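Everything below concerns the one structure shown next.
The values are calculated or read from the model by the stated rules, or taken from the named source; none is laboratory data. Because the structure is predicted, anything quoted here is derived from the model rather than measured. So basically every Cβ, Gly included, is an ideal-geometry build from the backbone, and we count neighbours across all protein chains shown.
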Amino acid sequence: MSARSYDVVIVGAGLSGLSAARHLLKKNSSLRVLLLEGKDRVGGRTMSSKLPAAQGKDVWDLGGQWVGSSQMYVMDLIRELGLETYPQYTAGKKVYHMGGPRAKVRTYTNSLPSMSLLTLLDLKHFQWQIDRMSQSLSMEDPTSAPRALEYDSMTLSSYMDKKIWTQSLRMDIELCTRSLFGMEPSQISFLYFLMYCRAAGGILHLLETTPGSAQESRIKGGTQQLSEKLADQIGRENIHLNSAVLEIQQGPEGAVVRTRLDTFSCRAVIVTCPPHLAAQIQYVPALPPARQRLTQSMPVGHMIKFIVTYRTAFWRTNGFSGEIVVQPSSDCPFCITFDATSPRGNPGLVGFISGAQANDWSYKTVEDRRDAVIQSLVKYLGPEASDFIHYAEKDWAKEEYNGGCPVNVMVPGMLTYYHPSLRRPCGRIHWAGTETATHWCGYMSGAIQSGLRAALEVLERLSPKVLSQEELQEAQASTTHTLPHRSWDLAPQKTYLPVCLTVTTVTLGVALLLANPCLYNEMIEQGSAFLQKFGFWC
Ligand SMILES: Cc1cc2nc3c(=O)[nH]c(=O)nc-3n(C[C@H](O)[C@H](O)[C@H](O)COP(=O)(O)OP(=O)(O)OC[C@H]3O[C@@H](n4cnc5c(N)ncnc54)[C@H](O)[C@@H]3O)c2cc1C
């Protein structure tokens, strides 16, 4: 079989791969670029589906959905592609039911549910600490931050054990972690959590629906349009669907990329699939050990996303916003829901079954999950919730070429030892995908940023003349990675040395005074004389 020849082969036609391809072609239209995608569609972790609705059918997102005005890469792309956004509906009462099935169901209309003074202080203290620590991180080298080693050796859960005072805040943060990562706090490196907050510009940006935050607005017609429109611009003939890459071979002349049926030769490869899937590709010669360790140890979260469509937005009429925050239990599978009424006015609710709960509920039938979801919606929003039109769900752990969502995280120790391997190219192979982003990592905006960055790296290698001086510098900076900052020999001394010195001095002092009490009087006299000399004593 003779290999067809390209300049660049891109593995994966999600937002990062498609953005990389478009940027390469925008900068140099003579480049021959090929995208190989394992699925039968473009869009990766974004997927818009037509569902039965009040007025016929309408589109809802079963993958990535919200965008925020601080997510400049995705906002720019939305504008460039002529798409529009609309704000997330937030008016009305939000439901808050934490503390187990027997706890009181509360409602609130402000940004926070009513809480005790102690919990409020605890929350503000936690938020202040996370923001202060994350702001001091460098996204290029998070290991250079003070106490980075200590933070990377603990999970978010162990940090919470040390710093959170109230059980109620602990439960809230556990819930937020599930909704953000599809994981439990005990599964995530605390340093990684700080880095994630840093990439979003603060912890509240990740959690809120306010301007600039992650849940601010949605794209009319669904997010998969971004990928479909990019694919049209790149040319569908340059995108091979159902073409999972099995092997990448590198040699002095170039690289050879193999799928089950085809072989392609090229000068550079951009791999955009999430780390756990990049690890399943065979690399010849083998990748450097640090890169292998990294991709083998970045687990992906687990989320089941559901949409329920209705004839009327009865919750709005009843004064509810549609937002329910609930501690999952054997009765209620989900942890959070929002209003998902379409811009055409078709009512709907969206919700997430996340983390350990997703794992437990994924063994049940779709009917069992649907019935449990509807029962809980009835409990929190009223009996009208049982009169739904359609229930749709997607378990991303069961999606081929995903195996989970929304993002791969780092477990303790990964950042400390292997962080530079996340983006550092391996020969002709460059790495993209939202996990490699420094801006809104884990989000669509991060995916686009990573695609643009990888394209720049490849252009610097293949056609540097098309790049401006600034772009060249950016590309060079991106391919040059310093070794991780490892100061673990000093870290324990920094913490314990002053304490040891103080304890030793005090002990010796007390022992001396006990042995010779006259010394005490002498010291008092000398001290008084010293103070008198400088006018402090009368
Ligand atoms: C349920 C859910 C909710 C989310 N909510 C939001 C949100 O509200 N806002 C937001 O901004 N983001 C959200 N996200 C995250 C967002 O969708 C992703 O960050 C983004 O789409 C990732 O794009 P990507 O190109 O980096 O990766 P992907 O979209 O995963 O693209 C990688 C592509 O590689 C392909 N692939 C994998 N292995 C191979 C192989 N061997 N050969 C060829 N192809 C391969 C995959 O099929 C895939 O198409 C959500 C995601 C999910 C799933």
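Only one of these conditions is not met by residue 478: (1) at pLDDT below 95; (2) in a loop (DSSP other than H, G, I, E, B); (3) crowded, with 16+ Cβ neighbours inside 10 Å; (4) small (Gly, Ala, Ser). Which number is it? Among (1) at pLDDT below 95; (2) in a loop (DSSP other than H, G, I, E, B); (3) crowded, with 16+ Cβ neighbours inside 10 Å; (4) small (Gly, Ala, Ser), the lone unmet condition for residue 478 is (2).
Here is a yes/no grid of residues against (1) in a helix (DSSP H, G or I); (2) modelled with pLDDT of 95 or more; (3) under 22 Å from residue 461 (Cα atoms); (4) not acidic (Asp, Glu):
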| site | (1), (2), (3), (4) |
| --- | --- |
| 233 | yes, yes, no, yes |
| 237 | yes, yes, no, no |
| 243 | no, yes, no, yes |
| 253 | no, no, yes, no |
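Answer yes or no: is there a residue in region 459-473 that is among the basic types (Lys, Arg), modelled with pLDDT of 90 or more and buried (at least 21 other Cβ atoms within 10 Å of the Cβ). Among the residues of region 459-473, not one is among the basic types (Lys, Arg), modelled with pLDDT of 90 or more and buried (at least 21 other Cβ atoms within 10 Å of the Cβ), which makes the answer no.
Say we look at region 421-465 and pick out the residues that are in a helix (DSSP H, G or I) and of a type in the set (Gly, Ala, Ser); which of these is nearest to the ligand (Cβ to nearest atom)?
To start, the set of residues in region 421-465 that are in a helix (DSSP H, G or I) comprises 421-422, 434-436, 444-462, 464-465.
If we keep only those that are of a type in the set (Gly, Ala, Ser) as well, we get 421, 445-447, 450-451, 454-455.
Numbers: 421: 17, 445: 6, 446: 6, 447: 3, 450: 6, 451: 7, 454: 11, 455: 13 Å.
Here the answer is 447.
Evaluate region 210-227: report whether one residue or more is in contact with a His (Cβ under 6 Å, 6 or more places away or on another chain) and buried (at least 18 other Cβ atoms within 10 Å of the Cβ). Taking every residue of region 210-227 in turn, at least one turns out to be in contact with a His (Cβ under 6 Å, 6 or more places away or on another chain) and buried (at least 18 other Cβ atoms within 10 Å of the Cβ). Restricting the first member to region 25-45 and to residues that are under 18 Å from residue 267 (Cα atoms), and the second to residues that are among the aromatic types (Phe, Trp, Tyr) and surrounded by 20 or more Cβ atoms within 10 Å (Cβ to Cβ), the beta-carbon pairs closer than 8 Å and six or more apart or on different chains are 32/6; 33/6; 34/6; 34/264; 36/264.
Residues are listed down the side, and each one gets a yes or a no for (1) hydrophobic (A, V, I, L, M, F, W, C); (2) surrounded by 15 or more Cβ atoms within 10 Å (Cβ to Cβ):
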position: 335; (1), (2): yes, yes
position: 339; (1), (2): no, yes
position: 347; (1), (2): no, yes
position: 350; (1), (2): yes, yes
position: 360; (1), (2): no, no
position: 363; (1), (2): no, no
position: 367; (1), (2): no, no
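The residue that is nearest to the ligand (Cβ to nearest atom), among those in region 1-19 that are more than 13 Å from residue 231 (Cβ to Cβ) and modelled with pLDDT of 95 or more, is 16.
Exactly one residue out of 63, 56, 99 is assigned by TED's automatic domain parsing to the domain that holds residue 318 and more than 16 Å from the ligand (Cβ to nearest atom): that is 56.
Which of the residues spanning region 208-221 are within 12 Å of the ligand (Cβ to nearest atom) and farther than 18 Å from residue 438 by Cβ?
Those that are within 12 Å of the ligand (Cβ to nearest atom) and farther than 18 Å from residue 438 by Cβ: 209, 213, 215, 216, 217, 218, 219.
Residues that are surrounded by fewer than 15 Cβ atoms within 10 Å (Cβ to Cβ) and under 22 Å from residue 52 (Cβ atoms) do occur in region 317-328, at least one of them. Within region 385-397, residues that are in the same structural domain as residue 306 (by TED's automatic domain parsing) and within 20 Å of residue 46 (Cα to Cα) have Cβ atoms under 7 Å from residues that are assigned to a strand (DSSP E or B) and of a type in the set (D, E, K, R) in these pairs: 393/305; 394/305, counting only partners at least 6 apart in sequence or on another chain. Across region 357-374, which residue is nearest to the ligand (Cβ to nearest atom) among those that are under 24 Å from residue 174 (Cβ atoms) and assigned to a loop (DSSP other than H, G, I, E, B)? By that ranking, first place goes to 362. Please enumerate the residues belonging to region 269-286 that are away from the ligand (no atom under 14 Å from the Cβ) and touching an Asp or Glu at 6+ places or on another chain (Cβ under 7 Å). Residue satisfying the conditions is 284 alone. One residue is enough: does region 347-356 have a residue meeting the conditions hydrophobic (A, V, I, L, M, F, W, C), closer than 28 Å to residue 154 by Cα, part of a loop (DSSP other than H, G, I, E, B) and not assigned by TED's automatic domain parsing to the domain that holds residue 196? No: region 347-356 contains no residue that is hydrophobic (A, V, I, L, M, F, W, C), closer than 28 Å to residue 154 by Cα, part of a loop (DSSP other than H, G, I, E, B) and not assigned by TED's automatic domain parsing to the domain that holds residue 196. Taking each residue of region 401-412 that is within 17 Å of residue 443 (Cβ to Cβ) and looking for partners that are within 10 Å of the ligand (Cβ to nearest atom) and among the aromatic types (Phe, Trp, Tyr) with beta-carbon atoms closer than 9 Å, six or more apart or interchain, yields 402/396; 404/396; 405/396; 406/396; 406/443; 407/443.
The set of residues from region 387-406 being under 20 Å from residue 60 (Cβ atoms) and surrounded by fewer than 16 Cβ atoms within 10 Å (Cβ to Cβ) comprises 387, 389, 390, 398. Give the number of residues within region 20-46 that are within 16 Å of the ligand (Cβ to nearest atom) and under 19 Å from residue 240 (Cβ atoms). Number of matching residues: 16. Of the strands (runs of 3 or more DSSP E) lying entirely inside region 277-332, the ones with 1 or more residues being touching a residue at least 12 places away in the same chain (Cβ under 8 Å) and farther than 28 Å from residue 47 by Cβ are found at 282-284.
Do we have residue 114 as outside the structural domain of residue 332 (by TED's automatic domain parsing), over 26 Å from residue 318 (Cβ atoms) and surrounded by fewer than 19 Cβ atoms within 10 Å (Cβ to Cβ) here?
no
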